[in-house]
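The structure under discussion appears below in the form of structure tokens.
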Amino acid sequence: MSQTAAHPLSLPSIGLGTYRLRGLDGARAVARAVESGYRLLDSAFNYENEAAVAEGVRLSGIDRDEIFFTSKLAGRHHARPLADEAIQESVLRTGLGRIDLMLIHWPNPSQGLYVEAWEALVDAREAGLVRHIGVSNFLPEHLERIEAATGVMPEVNQIELHPRFPQAEQLAHHREKGIITQAWSPIGRAGAYGSSVLDEPVVREVAEAHDITATQAVLAWHAARGVLPLPKSAHPQRQRENLAALDVALGEDETAAITGLGRADGRLKDQDPAVYEEF
Ligand SMILES: NC(=O)c1ccc[n+]([C@@H]2O[C@H](COP(=O)([O-])OP(=O)(O)OC[C@H]3O[C@@H](n4cnc5c(N)ncnc54)[C@H](OP(=O)(O)O)[C@@H]3O)[C@@H](O)[C@H]2O)c1
């Protein structure tokens, strides 16, 4: 279990991404992951799979209380009372009684309702519908605005983070504020949008030095930077490969070398939360 110094929330060191794991096949893929040791599952209202991911928990036979089920509030549900109803709907879809971590999926700044959405999450935590609350894709200015408005800082911020986009400044901001960083697309979607970070010579060299795969080298890089990665795989063998990456400790030089792959325009799909919005 990893924990930031001043933070009471303790999370597993890695979670399973579940985007596109849907229906019965998705539930079975989640069950295999839980059986092999994943305890944190990353779902969202907009993935249309909260029920399938929860079914995977039941199929695994693992006690529900051992699972950390995450979901996210969609952009079209920021206004109240829509936000309250959507959070309740997410809980009902899971059938798990409560959601362990609820995030605001995107700030959608031009819509201007993320403070209202945050108030709904704060109240849902108060009511016991969700245990922990956080955000996703929030820039420092968005984090500061919700803190100023409510006095409540998110426990987690889930952001795009991979070697081509290492987000050093955002990480430093999170550290200062005691926010846990989760990485989405932690292996850069394995090259789904062009050249794969897994093919970078630096990554391959680190992998060879530790006798691990390139994917494991990238996941170990996240761990070395205190980041919680959420790799998605539908395949049990890859799920286990990804989980085993946490056994590998990279040296400072290796970590810095992989961070060196970062580029200012390194986002996979140009989804800058200052302007990009999802509903
Ligand atoms: N908050 C947000 O706005 C946001 C945005 C995007 C994603 N997310 C979350 O983050 C999760 C992860 O991001 P992602 O799904 O975009 O990308 P990712 O985890 O970086 O990459 C997933 C891709 O890599 C492949 N893969 C996984 N393990 C592999 C391995 N060991 N070797 C080779 N290929 C491997 C998967 O294929 P197979 O499945 O075929 O193995 C899949 O195509 C999502 O599933 C979702 O939960 C959140």
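The numbers here are math on the coordinates, done by the rules we state, and not lab data. Note that the structure is a prediction, hence the values are computed from the model and not measured. A quick note on method: Cβ atoms are made from the backbone with ideal geometry, for glycine too, and the neighbour counts reach across all protein chains shown.
Observations on the model:
- Bins of 5 Å, starting at 0 and running to the largest distance - Cα pair percent for region 142-187: 5, 21, 29, 23, 13, 6, 3
- Three-way shape label, region 235-279, alpha-carbon gyration tensor, a/c 1.5: oblate
- Debye intensity ratio I(q)/I(0), log10, region 149-256, q values 0.17, 0.21, 0.23, 0.24 Å⁻¹ (C-alpha model): -0.78, -1.14, -1.32, -1.41
- Estimated at 0.36 nm per residue, the fully extended path between residue 65 and residue 263 surpasses their Cα-Cα distance by 67.2 nm.
- Modelled FRET efficiency - R0 45 Å, residue 150 with residue 20, Cβ distances, 0.05 increments: 0.85
- Within a Gaussian network of the chain (alpha carbon springs, distance under 10 Å), most fluctuating of 196, 136, 90: 196
- With both residues required to sit in the chain, DSSP beta bridges show an antiparallel share near 10%.
- Under 5 Å between amide hydrogens, built in the peptide plane, is the criterion, and for residue 99 it picks out 130, 131 among residues at least 5 positions away or on other chains.
- Taking all pairs of distinct alpha-carbon atoms in the chain, Kirkwood radius in angstrom: 18.8 Å
- With neighbour counts taken as other beta-carbon atoms within 10 Å, the residues 34, 152, 203 rank, fewest first, as 152, 34, 203.
- Ordered by the count of other Cβ atoms within 10 Å of each Cβ, fewest first, 211, 84 give 211, 84.
- 4 °C / 1.567 mPa s Stokes-Einstein diffusion coefficient of region 59-118, Kirkwood radius on C-alpha pairs, µm²/s: 104 µm²/s
- Ordering 106, 221 by the number of other Cβ atoms within 10 Å of each residue's own Cβ, fewest first, gives 106, 221.
- One decimal place: the segment residue 202-residue 126 gains 22.7 nm when fully extended, by the rule 0.36 nm per residue minus the C-alpha distance.
- Hull-based mean projected area of region 1-121, where the convex hull spans the alpha carbons, in square nanometres: 7.8 nm²
- Taking 0.36 nm per residue of sequence separation and removing the Cα-Cα distance, the residue 36/residue 256 pair yields an extension gain of 76.2 nm.
- Distance between the 7 Å Cα→Cβ label points at residue 85 and residue 192: 3.1 nm.
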